[in-house]
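Trainee: Submitted below is the structure of interest, expressed as structure tokens.
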Amino acid sequence: MSIGPGIFSNLGDKAKDVLYKDYAEQSPIHFHYKFMDWNAGFSCKVVEIVPGVRTVLKCNLPDSGKVELQYCNKFTGITGRIGLLGNEGGQYDPVLNFSGLLGTRIVSLGANVALHIPSRSITKLNAGFGFNSAFLEASLTFHDSFDTLKATLYHEVNPLTQTAIATQVKHSLSLQETGVTIGVQHAFFPQTLLKARFDSAGKAGALVQQGFWQRFFVTMAGELDFGAEDKTPKFGVSMALRP
């Protein structure tokens, strides 16, 4: 367990893992072949280049790629990132990102800002608060230049079976709209994980993830939008190799 606050992107990460990780969702820019949409991702982390400093390389083809430098100690977590982000025109825009988190492993407060280099404009301005305890992990973050408020809660029911419940409440100040997503997860066997989620917009999703040799994971996920005119379910398959 980390002795410091971590980094800004860690706020609410356990709740986000339960609610969104490994579900059949595509990035805005992806490959397409017949009836399939697909992409490929790669990530690499170099730990402790010097004490407290590590480098992260992530690439999601064909959507984006980034290199991030992180510095963490007992009371702060600072990141600097440069990357390329794909746009609808098939071009890639360079983006700079800086974030900072101040506090302890229990309570933390931070902010995140992204700069679009060609236009020299701020494209992202976020701030957030995090609380972590043995019983509950919670976060409160502002997004879209403080127009969107997100609150997450995560509770681990049984660590031996990875049983956990999470929820996220999202509110738009300009639209005066609120959405709620609730999700659960449970491991029936050490390498067999089941997840399910439902949101207030009428979307329901579920996935089954099977691990092999503790390194290779195959995930089958599906989603059905009960509020849409076309109620055809979506299915997806993903494979991951993790060190």
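The values are calculated or read from the model by the stated rules, or taken from the named source; none is laboratory data. Please read all numbers here as calculations on a predicted model, not as lab measurements. Heads up, the Cβs are rebuilt from the backbone with ideal geometry, glycines too, and the neighbour counts pull from every protein chain shown. The accessibility values were calculated without ligands, DNA or RNA, using every heavy atom of the protein model including side chains. Shrake-Rupley method; radii C 1.70, N 1.55, O 1.52, S 1.80 Å.
Trainee: Looking for whichever is touching a Leu at 6+ places or on another chain (Cβ under 8 Å) and over 21 Å from Val107 (Cβ atoms) here; the options are Ser174, Ser139, Ser145. Which one fits?
Mentor: Ser145
Trainee: Would you check which residues across the stretch 78-90 are in contact (Cβ under 8 Å) with a residue 12 or more places away in the chain and open to solvent by 60 Å² or more (accessible area, probe 1.4 Å) and list them?
Mentor: Scanning the stretch 78-90 gives Ile78, Ile82, Leu84, Leu85, Glu88.
Trainee: Does Asp93 meet the test of being closer than 25 Å to Asp17 by Cβ, surrounded by fewer than 17 Cβ atoms within 10 Å (Cβ to Cβ) and in contact with a strand residue (DSSP E or B) (Cβ under 9 Å, 6 or more places away or on another chain)?
Mentor: Criteria not met by Asp93.
Trainee: Which residue pairs have Cβ atoms under 9 Å apart, sit 6 or more places apart or on different chains, and have a first residue in the stretch 185-214 that is under 11 Å from Gln162 (Cβ atoms) and a second that is among the hydroxyl-bearing types (Ser, Thr, Tyr) and assigned to a strand (DSSP E or B)?
Mentor: Gln185/Thr163; His186/Thr163; Ala187/Thr163; Leu193/Thr219; Gln209/Thr192; Gln209/Thr219; Gln209/Ser238
Trainee: Spot the failing condition for Ala228; the list is (1) within 21 Å of Ala15 (Cβ to Cβ); (2) of a type outside the set (Phe, Trp, Tyr); (3) not in a strand (DSSP E or B), and only one is missed.
Mentor: All conditions are met except number (1).
Trainee: I'd like to check which strands (runs of 3 or more DSSP E) are fully inside the stretch 136-200 and have at least 1 residues that are aromatic (Phe, Trp, Tyr) and in contact with a Lys or Arg (Cβ under 9 Å, 6 or more places away or on another chain).
Mentor: Because the criterion is at least 1 residues that are aromatic (Phe, Trp, Tyr) and in contact with a Lys or Arg (Cβ under 9 Å, 6 or more places away or on another chain), the strands (runs of 3 or more DSSP E) in the stretch 136-200 that meet it are 137-143, 148-158.
Trainee: Any residue at all in the stretch 213-227 that's at pLDDT below 95, among the polar types (S, T, N, Q) and over 30 Å from His32 (Cα atoms)?
Mentor: Yes, there is a match, as at least one residue in the stretch 213-227 is at pLDDT below 95, among the polar types (S, T, N, Q) and over 30 Å from His32 (Cα atoms).
Trainee: Another question, then. Could you please give the count of residues in the stretch 134-155 that are on the phi < 0 side of the Ramachandran plot, in contact (Cβ under 8 Å) with a residue 12 or more places away in the chain and open to solvent by 30 Å² or more (accessible area, probe 1.4 Å)?
Mentor: 12
Trainee: Take the stretch 96-133 and flag every residue that is of a type in the set (A, V, I, L, M), open to solvent by less than 50 Å² (accessible area, probe 1.4 Å) and without any contact (Cβ under 8 Å) to a residue 40 or more places away in the chain.
Mentor: Val113, Ala114, Ala127 - these are the residues of the stretch 96-133 that are of a type in the set (A, V, I, L, M), open to solvent by less than 50 Å² (accessible area, probe 1.4 Å) and without any contact (Cβ under 8 Å) to a residue 40 or more places away in the chain.
Trainee: Scan Leu153, Leu175 and give me the residue that is closer than 27 Å to Ala127 by Cα and more than 20 Å from the chain's Cα centre (by Cα).
Mentor: One residue alone meets the criteria, Leu175.
Trainee: Tell me the residue from Asp63, Asp37 that is open to solvent by less than 40 Å² (accessible area, probe 1.4 Å) and farther than 28 Å from Gly130 by Cα, please.
Mentor: Being open to solvent by less than 40 Å² (accessible area, probe 1.4 Å) and farther than 28 Å from Gly130 by Cα holds for just one of Asp63, Asp37, which is Asp63.
Trainee: Just the residues that are within 28 Å of Arg242 (Cα to Cα), not in a strand (DSSP E or B) and not aromatic (Phe, Trp, Tyr), please, taken from the stretch 201-225.
Mentor: Gln214, Arg215 - these are the residues of the stretch 201-225 that are within 28 Å of Arg242 (Cα to Cα), not in a strand (DSSP E or B) and not aromatic (Phe, Trp, Tyr).
Trainee: Name the residue, out of Lys203, Lys195, Lys231, Lys170, that is open to solvent by 50 Å² or more (accessible area, probe 1.4 Å), within 22 Å of Asp37 (Cβ to Cβ), charged (D, E, K, R) and within 19 Å of the chain's Cα centre (by Cα).
Mentor: Lys203
Trainee: Sort through Phe217, Phe212 and tell me the only one that's open to solvent by less than 60 Å² (accessible area, probe 1.4 Å) and not acidic (Asp, Glu).
Mentor: Step by step, each of Phe217, Phe212 is checked, and only Phe217 is open to solvent by less than 60 Å² (accessible area, probe 1.4 Å) and not acidic (Asp, Glu).
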